[in-house]
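Below is one structure; the comments refer to it alone.
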C-alpha cells in the first residue's frame, strides 16, 4: 500500500490519521489536499478535511525491501519485456505522428532508470509536439504507454516519450524553481503557491524540497493539474524528532 486517504477535523488531524495508517513519519509522505472541510452552522453542514497521503519513493523502496526482496531470476524477463514493449511503443508512436501529418524519426534509447525505455522523437516542429508546459508530450506518452500495454504502478518496464531532451531540461527548470521558491517561502515566512502543475511536475518539486527541514509541500485541488503549496514550517525535522 503506497497511499491512503484519510479524514479529520482539520488537515493536520487528517495527516496524523494517515500517518497512523501507513505507519511512517511525516517526512516519508507527500500530501494532496482533497477537501479542506468546513465547520458548518450550529453543527449542520459540517464536512471533515480529507487528504491523500502518498509514500515518497525512498519510503516505498524501504518497505518493499523489508517485505520481499526482488528475485534475481526475474531480471532477464523484465529486460526482455522492456525490449518488446519499447519496440511496440516505437511503432505506435511513429503511426500516431504519421496520422497527425508530422514528419519525424522515432528512436529507442535506454532511460536514466533501469526499468525505463525512452522513445525519442526527432522532428523539426518540436515545439508543437511538446506543447504548453509539455502537455502535448504528456498526452502522447499516455496514448503510447496505454496502447503498448504498460502496466500501472511501479512494477515492470515503463515507456517515456521525449523530444530533444525536453524532460531533463524541464526537470532542471522545475528543480531550480522549487529551490528558489522554497527560499522565498522561508525568507518571507509566507506560503508560496505554484499554479496548474501536472502530477509529474509536482513530484519533481516535492522531491527537490523533501530534504529541506524548513519547508513542506502540499498539493491542493482535484484533477490532473493542481496547485502546489510551499509552506514554511520552522525546523520541521527537529519538531518531528522531538
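Per-residue answers, yes or no, for (1) in contact (Cβ under 8 Å) with a residue 40 or more places away in the chain; (2) in contact with a strand residue (DSSP E or B) (Cβ under 8 Å, 6 or more places away or on another chain):
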residue	(1), (2)
142	no, no
160	yes, yes
179	no, no
201	yes, no
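In this entry, residue 27 passes the filter for residues that are in contact with a helix residue (DSSP H, G or I) (Cβ under 7 Å, 6 or more places away or on another chain) and modelled with pLDDT under 85.
If only residues of region 214-228 that are part of a loop (DSSP other than H, G, I, E, B) and in contact (Cβ under 8 Å) with a residue 60 or more places away in the chain are counted, the one that is surrounded by the most Cβ atoms within 10 Å (Cβ to Cβ) is 221. Conditions first: (1) farther than 17 Å from residue 210 by Cα; (2) at pLDDT below 80. Residue 21 passes all but one, so which condition is the exception? Against the list (1) farther than 17 Å from residue 210 by Cα; (2) at pLDDT below 80, residue 21 comes up short only on (2). Count of region 192-211 residues, restricted to those that are more than 24 Å from residue 132 (Cβ to Cβ) and surrounded by fewer than 13 Cβ atoms within 10 Å (Cβ to Cβ), is 1. Summed over region 93-119, the residues that are free of Cβ contacts under 8 Å to residues at least 40 places away in the same chain, out of contact with any strand residue (DSSP E or B) (no Cβ under 8 Å at 6 or more places or on another chain) and farther than 18 Å from residue 168 by Cβ give a count of 5. Any residue at all in region 52-75 that's assigned to a strand (DSSP E or B), modelled with pLDDT of 75 or more, over 30 Å from residue 223 (Cα atoms) and not assigned by TED's automatic domain parsing to the domain that holds residue 209? No, there is no match, as no residue in region 52-75 is assigned to a strand (DSSP E or B), modelled with pLDDT of 75 or more, over 30 Å from residue 223 (Cα atoms) and not assigned by TED's automatic domain parsing to the domain that holds residue 209.
The values are calculated or read from the model by the stated rules, or taken from the named source; none is laboratory data. Everything quoted here is computed from the prediction, not taken from an experiment. For neighbour counting, all protein chains shown are included, and Cβ atoms are generated from backbone atoms with ideal geometry for every residue, glycine included.
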